Amino acid sequence: MEKNETFVKEQSAGQAQKDVVQEKVLKPISGMFMLVTLIVVLIATVVGTTFGSIWLAGGASQYEVDTSQVILGSVTLGVSVLIMVLASLLFVGLKIVRPNEAVVLLLFGKYYGTIKKAGMWFVNPFAASFNPARADVRLGESPTNFFGGKKISLKAVTLDNGIQKINDLDGNPIEISVNVVWKILNTAYAVFSVDNYAEYISTQADLAVRNVARLYPYDVSVDGDEKSLRGSSIEIAEELKKDLQARVEVAGIEIVEARISHLAYAQEIAAAMLQRQQANAVVAARQKIVEGAVSMVEMALEKLEANKVVKLDNERKATMISNLLVVLCGNRDAQPVVNSGSIY
C-alpha cells in the first residue's frame, strides 16, 4: 500500500514538472536588416505594379490586342500586389524591446519563446505578444490580443499593499505594512504558471506578513532577549523575505527586499499599550538611576576613608548613605538642611 502511494506521488510530481512551461530565450533575426529589406521589396513592388499597369493598359488599348503584353502586364501586376501584401504582413513581425524588458510570444496558442535582448527584432508575424498582468486587463479576464500586447518589465518593482490588522504572538492586535521589492527572473513561469503574477505576489505578500507577524510579539520586556517585531526589524525582514520567496518561486519571481514599513498597535489598544511602554520606561530609568546612585555612594565612602578626611562609624555612614540616595534618586532638586550641632 505504501509503495502504491509513493508511486502515485512520484507520478503526480513528474506530471506536474512536465506541465510546467520552461522558458525559451529566442535569438531572432535583426529587425533593422528585415526593415530595410521589406522597404526595398515594397519599393520594388510599387515599381512592378506601375509597369504592370502600364503594360496591361498598353496591350489592351491597341487596335489589335497584344496578348503577350497583356499576359506580361497581368502577371507583373498580380505578383507585385501579392508580394506587397505579404511584405506588409511581415511588418507585424517587427518587435522593439527596450532594456530590462521582455516579450513573451505565443504562436497559435502555444509558447513560441521570449525575447529578452534589447533592440529591434523580427519574429514570426503570427506570433502574438502575451502578458496577463498588463494594465488594461482586469483580474479574471483572458487577454486575447493577436497582433498587440504589453511587454513584461524585468525591472525591480516596489509593492506596498497597505496597512493590515494582525494579531501578534501575544494576541495583541497590531497594524503592520511591508514594502516588497521584486522582479521577474523567469518569464515563462510568470506568464503560464500563475493567472496574474502581479495579483499573485500581492496576495502572497499578505499571507507571508500574517504568517511571520503571528510568530513574534510586538515588543519584549526590558530584560527580554527574544526577537520582536519592533526590536528585531532586520531579522524579521530576512525571515519575511525567505517566506515570501518560497511562495513566489513558482511564478519565477525574485524577492530583492522585504521590510516592514509601518508598525503600530491597533487603535483600540494603542492608549493602554502606550501607558505600558511608559511604565516600562520609568522602571528602566529608575533602575539605572539607583544603580548609578549606589555606585556613587560607594565611591564617596571609599574616597573619604582612603584620604582620611573623616572617620565615620556605622550610624554616620547610614545617615550619609540615606542623604546621598535621597539627593541622587529624587525627582526634584534637594533642599538641604544645615545642622550646626551634633546628630546625637
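Per-structure values
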read-out	value
Breaking point among (1) modelled with pLDDT of 85 or more; (2) in contact with an Asp or Glu (Cβ under 8 Å, 6 or more places away or on another chain), for Asn161	(1)
Tabulated pairs, region 243-260, first under 19 Å from Gln22 (Cα atoms), second open to solvent by 60 Å² or more (accessible area, probe 1.4 Å) and part of a strand (DSSP E or B), C-beta under 7 angstrom, 6+ apart or interchain	Glu254/Lys183
Those residues of region 152-210 which are in a strand (DSSP E or B), open to solvent by 30 Å² or more (accessible area, probe 1.4 Å) and touching a Leu at 6+ places or on another chain (Cβ under 9 Å), in sequence order	Glu175, Asn179, Lys183
Breaking point among (1) of a type outside the set (Ser, Thr, Tyr); (2) assigned to a helix (DSSP H, G or I); (3) open to solvent by 40 Å² or more (accessible area, probe 1.4 Å); (4) in contact with a Lys or Arg (Cβ under 9 Å, 6 or more places away or on another chain), for Val256	(2)
Test for Phe130: is it surrounded by 15 or more Cβ atoms within 10 Å (Cβ to Cβ), modelled with pLDDT of 90 or more and not polar (S, T, N, Q)	no
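The values are calculated or read from the model by the stated rules, or taken from the named source; none is laboratory data. Everything numeric here is computed off the predicted structure, so don't read it as measured data. Glycine gets a Cβ as well: all are built from the backbone with ideal geometry, and neighbour counts include every protein chain shown. Side chains included, ligands, DNA and RNA excluded: accessible areas come from the protein's heavy atoms. Shrake-Rupley method; radii C 1.70, N 1.55, O 1.52, S 1.80 Å.
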